[in-house]
Amino acid sequence: VSRQLKEEIRRGFARLEDPLAGLLAMMESSSDWKGKGHSLGYCITTELQLWIKAHPAEPQSGTKLKKLQARVLGILSQCPANLLDPLINIYQLHTADRNYLLEHVSHLYLQGNYKEAAILSIRLKLQPDQDVEKMCTPLLLQDKANLMEDFVAEYPELQRKLLQTLDTWCDPSFNIRDIARPYQGLSRYKPEKFNRRVLSKLVFRLLERFNVDPALCPNVINQRHLRTLNYLFYKRFVEKTMTEENWADHIQSTVGENRWLQGHLVQSLLRHCDTHGVARWAQHCRVPPEMLPGAVAEELQKLHFQDRVEEVTKADNYEASKKKDYYQLPIPRENIHFLQTWEEMLQCWEKVLQPGQVVGVDMEWKPSFGMVGKPRVALMQLALKDEVFLLDLPRLLEQAEAEGEKEKLPHFIQMLYSDATITKLGYGISGDLSSFTATCSALKGTEKQMQGVVDLLAVDKQVDGLSPEHSHEERGVRQPEKGLSLLVQHVLGKPLDKTEQLSNWEKRPLREEQILYAASDAYCLLEIYERLCKDPESFSLGSDLTDSLVGKQSKKTRAKKQLNKQEAPSPSGQECQGPRMKPSRPPAPISPQEFSVVCDNMLQGLGRYLRCLGVDVQLLDNEDDHRKAAEIARQEGRVILTSGLPYQTLRSQVGEGRCFSVNCSEKVKEQALQVLKHFNVQVSLNDIFSRCQ
């Protein structure tokens with residue numbers, strides 16, 4: 001706003017006998033102020049606020065002020081967000097009669113202006129005197145969960161009431177349609193966004209955001225545990241990819257002493273085991289005998305400890321017979337060191353932090369099975385050519401804290417990752433570091449300082465087919481390999497044995513199988529790297545990729561981040577196309593208006609960001625199956641933007657170059673830059689906000 005206009009506005013106020021009444025008269029006779037952004041009405045209002053501060057006058061009489069407050073309340077529900085606080089401040093609405101304000105908000109609510117009623121309540125801090133369920137239900141039905149969160153954000157008691165309400169709605173016996181029935185004529189009503197699955201996700205997000213004890217929401221927690229239970233039975237009895245001991249650990253920690261879950265456990269056991277097996281597992285999980293069918297209860301009485309020992313031995317012998325089919329660690333067992341003290345750690349430090357060293361890095365954590373909170377890293381593996389170090393992180397962090405040296409471990413990790421003379425090998429490094437930061441907050445920002453890092457995820461899908469020694473016929477009938485295991489199979493001939501992947505990595509002592517699995521996971525990175533660098537042609541990798549793998553530090557700073565940021569063609573940011581012999585030419589430049597995409601439901605934030613830049617975006621809803629993206633892409637000629645496992649399914653359903661995998665660990669802005677760069681989309685100032693938001 002020009003200085004001249006501001007001065008003119010202030011002179012106008014000085015000439016008015018009652019500037020507050022003058023502003024209201026202007027607003028009541030004009031609609032300019034209703035537009036978003038810095039309208040003339042907005043400029044006049046903010047200038048009046050400053051003018052009042054500079055020219056304190058006699059306080060308005062009570063009756064006169066009340067009349068002005070009544071008039072301004074009628075205007076507030078039509079105001080853009082940027083005018084609310086100035087008007088509330090000018091007309092001192094925080095001093096108005098609280099019952100009068102509540103009555104006005106109630107009137108807005110009864111007229112069906114639920115959003116306006118909620119916003120005004122938040123600005124006037126009326127929430128403690130309102131019914132949280134009544135205020136938030138229509139907001140949820142209109143898909144305004146963010147406004148609902150703002151409504152309770154500053155009030156822990158309201159947060160708990162809201163979570164308890166949402167949890168009640170998630171009870172399987174509760175008819176969720178009863179909630180929506182009074183709002184059938186609601187404008188912008190989105191019934192598809194109002195189901196148990198969506199509500200359950202919302203509850204978990206709110207539990208984490210507000211740091212509320214999950215025990216407050218038993219229905220949602222039980223349903224999540226039940227899904228975990230079904231998943232564990234699938235892994236053990238259908239897929240057959242989980243060891244008995246592993247499975248037992250997770251079953252016990254999932255079910256605990258919860259009678260409802262114990263009942264479901266018994267039903268699942270009856271479907272998958274004989275009477276003896278059901279009795280044995282019921283004994284192991286301490287299921288009360290009265291919950292068991294008669295025949296199982298009788299079998300339970302006959303059970304002896306020896307039965308269990310024999311079963312486990314048989315299972316172990318069976319597991320041992322499979323080992324020959326998998327990648328084997330080439331170093332002796334005594335060269336794997338499990339470190340629990342800082343004295344041991346210092347010896348590891350001296351060996352790892354050597355210029356020219358190549359280190360395979362991996363991390364393990366207890367599977368969360370979708371429960372609240374980020375996983376905490378329980379084990380870090382560092383593999384050198386002749387030995388592997390397994391770092392017991394909880395123990396080392398606890399010991400360092402007891403000695404008043406909390407920065408010890410973060411200091412070592414930062415030295416390792418920022419040293420350009422040490423080559424660090426990983427597979428999905430961003431995800432590992434994100435979990436590590438949740439475990440140790442002092443590591444925040446480490447990713448930005450990384451040098452000499454090679455993420456083998458960046459070459460995973462460029463490796464051409466199986467390795468020379470391993471044909472399709474030799475795969476047998478095992479579950480198809482994926483991730484690092486598949487890369488190990490392609491490059492080294494045999495996959496990793498992933499049966500320990502879902503172990504409880506927080507339990508001590510670690511079992512021997514866990515120790516060998518953890519060491520193999522890190523050591524195989526060294527062998528893959530060595531093999532790819534020595535013989536790239538066998539895997540259809542060009543020498544240019546080999547150069548970037550070696551991670552030469554002579555390039556500019558930006559090039560140092562190339563692999564981490566996935567600027568080189570990579571699985572987290574690459575076209576869905578077959579193995580490449582040579583890098584393809586970049587496509588011809590296009591404008592955002594010419595670029596049409598469909599975003600999978602895990603990338604809704606990216607979709608909204610691209611739409612702000614003028615890209616033609618269609619978003620899948622949370623309930624949509626990923627395959628719907630391929631259907632839309634084929635019908636409307638759009639490019640699919642997806643991530644993770646759906647990428648594998650969708651790539652085969654559309655033409656070459658019509659599908660792109662985005663790195664979910666990146667922030668939305670980085671994802672958008674990645675997409676624009678790959679498809680050579682040139683954004684101009686005119687494109688920004690050129691589409692309706």
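What the table below lists for this structure:
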{"quantity": "Qualifying residue in region 471-479 (condition: modelled with pLDDT under 85 and within 31 Å of the chain's Cα centre (by Cα))", "calculated": "yes"}
{"quantity": "Number of the condition not met by LYS235 [criteria: (1) in a helix (DSSP H, G or I); (2) under 24 Å from ASN504 (Cα atoms); (3) basic (Lys, Arg); (4) open to solvent by 40 Å² or more (accessible area, probe 1.4 Å)]", "calculated": "(4)"}
{"quantity": "Elements of type helices (runs of 4 or more DSSP H) contained in region 366-451, each with 3 or more residues being among the hydroxyl-bearing types (Ser, Thr, Tyr)", "calculated": "429-439"}
{"quantity": "Among (1) open to solvent by 20 Å² or more (accessible area, probe 1.4 Å); (2) closer than 15 Å to MET602 by Cα - the single one ALA672 does not satisfy", "calculated": "(1)"}
{"quantity": "Of the criteria (1) buried (at least 20 other Cβ atoms within 10 Å of the Cβ); (2) in a strand (DSSP E or B), which one HIS337 fails", "calculated": "(1)"}
{"quantity": "Flag for LYS134 being part of a helix (DSSP H, G or I), touching a helix residue (DSSP H, G or I) at 6+ places or on another chain (Cβ under 6 Å) and open to solvent by 70 Å² or more (accessible area, probe 1.4 Å)", "calculated": "no"}
{"quantity": "Hits in region 616-630 - residues which are in contact with a Cys (Cβ under 9 Å, 6 or more places away or on another chain) and under 18 Å from LYS193 (Cβ atoms)", "calculated": "GLN618, LEU619, LEU620"}
{"quantity": "Any hit, region 203-215, residues being within 24 Å of ALA279 (Cβ to Cβ), without any contact (Cβ under 8 Å) to a residue 24 or more places away in the chain and open to solvent by 50 Å² or more (accessible area, probe 1.4 Å)", "calculated": "no"}
{"quantity": "Restricting region 71-85 to residues that are touching a residue at least 12 places away in the same chain (Cβ under 8 Å) and out of contact with any Leu (no Cβ under 8 Å at 6 or more places or on another chain), the residue that is farthest from THR45 (Cα to Cα)", "calculated": "GLN78"}
{"quantity": "Cross-chain or 6+ apart pairs with Cβ under 9 Å, region 173-192 first and in contact (Cβ under 8 Å) with a residue 12 or more places away in the chain and on the phi > 0 side of the Ramachandran plot, then of a type in the set (A, V, I, L, M, F, W, C) and not in a loop (DSSP other than H, G, I, E, B)", "calculated": "ARG188/LEU141"}
{"quantity": "Which listed residue is charged (D, E, K, R) and either within 24 Å of GLU116 (Cα to Cα) or in contact with a strand residue (DSSP E or B) (Cβ under 6 Å, 6 or more places away or on another chain) (or both), from ARG11, ARG3, ARG98, ARG15", "calculated": "ARG98"}
{"quantity": "Filter result for LEU292 (over 36 Å from the mean Cα position of the chain (by Cα), open to solvent by less than 40 Å² (accessible area, probe 1.4 Å) and at pLDDT below 90)", "calculated": "no"}
{"quantity": "Odd one out for GLU530, checked against (1) in contact with a strand residue (DSSP E or B) (Cβ under 9 Å, 6 or more places away or on another chain); (2) assigned to a helix (DSSP H, G or I); (3) open to solvent by less than 50 Å² (accessible area, probe 1.4 Å)", "calculated": "(3)"}
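Here is a yes/no grid of residues against (1) within 20 Å of CYS136 (Cβ to Cβ); (2) not acidic (Asp, Glu):
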site: ASP171; (1), (2): yes, no
site: ILE179; (1), (2): yes, yes
site: PRO182; (1), (2): yes, yes
site: PRO191; (1), (2): yes, yes
site: VAL203; (1), (2): yes, yes
site: LEU207; (1), (2): yes, yes
site: ASN211; (1), (2): yes, yes
site: VAL220; (1), (2): yes, yes
site: TYR231; (1), (2): no, yes
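The values are calculated or read from the model by the stated rules, or taken from the named source; none is laboratory data. None of the values given here were measured: they were computed from a predicted structure. With ideal geometry, Cβ positions are generated from the backbone for all residues, glycine too; neighbour counts draw on all protein chains shown. For the accessible areas, the whole protein counts, side chains as well, though only heavy atoms, and no ligand, DNA or RNA atoms are used. Shrake-Rupley method; radii C 1.70, N 1.55, O 1.52, S 1.80 Å.
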